[in-house]
1. Name, by its number, the condition in (1) within 29 Å of the chain's Cα centre (by Cα); (2) surrounded by 12 or more Cβ atoms within 10 Å (Cβ to Cβ); (3) at pLDDT below 85 that does not hold for residue 10.
2. What are the pairs with Cβ atoms under 9 angstrom where one residue, in region 124-136, is not assigned by TED's automatic domain parsing to the domain that holds residue 83 and the other, located anywhere, is surrounded by 15 or more Cβ atoms within 10 Å (Cβ to Cβ)? Sequence gap at least six, or different chains.
Amino acid sequence: MKPQAKITWASWGSRYPTLGARTRTRQGWGTQFVLLSAALMILAGCHSYHIETTVENHSGGPIRLLEVDYPNASFGVNSLAAGAEYHYRIQLRGSGPIKVQYTVEDGSLVHAASPTSLSDQADFSLRIELLRHDAQFHLQPSPQP
């Protein structure tokens, strides 16, 4: 009968001596991968385009159930007092019009859409004026840094 090789245990108490060594090596690679990824993103100049949005209530009364839909997402508030503003920063993913719907003081539902389709290739500032029977969209390119 052949003598069997003796298995020695790692000093940290692992039951499988080679598993501990592999784990330590993988952790080293994980740190290197994170650092390399961060450096590549900085060098690539990753930039997410945003639209600084201001919704202004010029309807003459409070509005309820405000919803603003934009490409691939939406936001809203339950109510907005007369003359009040609501600020929101949106990040576009794709292109398309911005749509708004809300209920005015007399209970009628107002629907409106931006006349132009927005793209995810530039930063903008958008002001939406909510009127009694319509909404107006004012779009301006943001200054480049």
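1. (1)
2. Pairs found: none.
Yes/no per residue for (1) surrounded by 13 or more Cβ atoms within 10 Å (Cβ to Cβ); (2) modelled with pLDDT of 85 or more; (3) in contact with a strand residue (DSSP E or B) (Cβ under 6 Å, 6 or more places away or on another chain); (4) not in a loop (DSSP other than H, G, I, E, B):
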{"position": "37", "(1), (2), (3), (4)": "no, no, no, yes"}
{"position": "41", "(1), (2), (3), (4)": "no, no, no, yes"}
{"position": "52", "(1), (2), (3), (4)": "yes, yes, yes, yes"}
{"position": "65", "(1), (2), (3), (4)": "yes, yes, yes, yes"}
{"position": "88", "(1), (2), (3), (4)": "yes, yes, yes, yes"}
{"position": "115", "(1), (2), (3), (4)": "no, yes, no, no"}
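The values are calculated or read from the model by the stated rules, or taken from the named source; none is laboratory data. Model, not experiment: these values are computed from the prediction. No Cβ is skipped: glycine too gets one built from the backbone with ideal geometry, and neighbour counts run over all protein chains shown.
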